[in-house]
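*Asks:* Dropping a structure here in structure tokens format, bear with me for questions.
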């Protein structure tokens with residue numbers, strides 16, 4: 001009886017992006033980012049981007065369906081190159097000081113403040129805002145679930161708590177970018193880190209939900 005088994009299939013090498021495709025996408029990223037630093041996003045047409053990138057419109061549509069997707073990808077790539085990928089914040093720790101990665105992300109926003117003001121503003125990019133919201137929601141939700149979040153008497157679902165915190169975080173970042181003079185990135189990072197307390201400490205608000213003060217007894221007793 002032949003007990004031999006077939007060897008497992010060889011691992012397939014990761015697909016590599018064609019250098020020509022990568023070069024064209026870099027040109028498109030750079031073109032849109034430079035234009036977005038100069039004027040509002042709603043005044044930028046695909047033809048403007050193609051012209052700045054020295055390609056034709058048909059080539060643009062071979063790579064991106066619209067300028068919204070291009071902008072979101074370009075900003076993601078800029079953050080990655082700056083070492084400011086928010087997903088790397090997980091797992092959140094309980095330190096009082098914001099992590100270096102969070103400070104780097106705020107530095108990235110600060111260095112591109114005009115661009116992010118336009119992207120996150122009222123006439124900005126819904127897709128860029130949605131991606132940022134999705135990443136922050138993942139971070140907050142994972143933190144809440146990992147640190148024993150309790151729904152309390154209000155039976156507050158984790159998803160609702162995460163949505164509330166995420167909305168506040170985006171509001172803080174947007175307001176900070178609009179401030180003149182703008183406070184330092186370290187100070188802004190400390191604001192963000194403080195707002196993430198529920199997601200990085202073990203249910204810090206449970207005392208408030210149960211009417212128990214920090215002293216360990218019900219308030220007023």
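*Asks:* Counting just the residues of the range 54-71 that are in a loop (DSSP other than H, G, I, E, B) and in contact (Cβ under 8 Å) with a residue 24 or more places away in the chain, which one comes out nearest to residue 130 (Cα to Cα)?
*Replies:* Checked the range 54-71; the qualifying residue nearest to residue 130 (Cα to Cα) is 64.
*Asks:* Right, another one. Can you name the residue in the range 100-125 that is surrounded by fewer than 16 Cβ atoms within 10 Å (Cβ to Cβ) and out of contact with any helix residue (DSSP H, G or I) (no Cβ under 7 Å at 6 or more places or on another chain) and is also farthest from residue 69 (Cα to Cα) among such residues?
*Replies:* The qualifying residue farthest from residue 69 (Cα to Cα) is 100.
*Asks:* What about residue 177, is it touching a helix residue (DSSP H, G or I) at 6+ places or on another chain (Cβ under 9 Å), within 18 Å of residue 137 (Cβ to Cβ) and modelled with pLDDT of 95 or more?
*Replies:* Here the answer is no, as residue 177 does not meet what is asked.
*Asks:* Taking the condition more than 28 Å from residue 38 (Cα to Cα) and assigned to a helix (DSSP H, G or I), does residue 170 pass?
*Replies:* So residue 170 fails the test.
The values are calculated or read from the model by the stated rules, or taken from the named source; none is laboratory data. Keep in mind the model is a prediction, meaning the values are calculated, not measured. Backbone-built Cβ (ideal geometry, glycine too); neighbour counts: all protein chains shown.
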